[in-house]
Amino acid sequence: MKSFESLRKRNVYELVDPPKHRKIIKNRWVFDLKSDGRKKARLVAKGFSQVEGIDYDEYSHQLVRFETVRMMLALAALKNWHISGLDVKTAFLYGELDEELYMEQPEGFKIPSQEHKVMHLKRASTD
């Protein structure tokens with residue numbers, strides 16, 4: 001899958017042996033059908049299994065509001081500014097994680113002869 005390959009190329013995770021005394025986060029695939037007929041698959045971590053104070057200290061989820069993007073584009077149009085690039089879909093790939101998080105390898109993408117290993121998450125991966 002294209003998005004999973006993007007995670008690998010951007011060094012979002014590394015395969016490691018499961019650490020002792022650390023919870024391994026489970027995951028699942030979520031499939032959507034777009035209005036234009038395209039199919040989309042997302043890997044979703046089951047983060048609800050984590051315990052505050054043990055697996056993480058606090059939770060913050062930074063999102064760009066759609067209204068902010070629209071306002072920036074409108075301002076650029078009004079001021080005749082040039083926008084050279086905008087990457088919102090993979091912006092989350094650049095955020096470093098504060099906690100040590102380990103997730104099982106996703107179904108259908110387990111590395112042969114390394115099925116026992118888990119993914120040590122190095123960057124945020126919400127979409």
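Structure values in brief
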read-out	value
Cross-link table LYS26/LYS122; LYS26/LYS117; LYS39/LYS122; LYS39/LYS117, entries beyond 23 Å C-alpha to C-alpha	LYS39/LYS122; LYS39/LYS117
Rounded to the nearest 10 Å², the accessible area of SER84 at probe 1.4 Å	110
Spin-label model distance (nm) - THR68 vs LYS20, 7 Å beyond Cα toward Cβ	4.4
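The values are calculated or read from the model by the stated rules, or taken from the named source; none is laboratory data. Owing to the predicted nature of the structure, the values given are computational and were not obtained by experimental measurement. Quick reminder, even Gly has a Cβ in these numbers, built from the backbone with ideal geometry, and neighbours come from all protein chains shown. Only protein heavy atoms, including side chains, enter the accessible area calculation; ligands, DNA and RNA are left aside. Shrake-Rupley method; radii C 1.70, N 1.55, O 1.52, S 1.80 Å.
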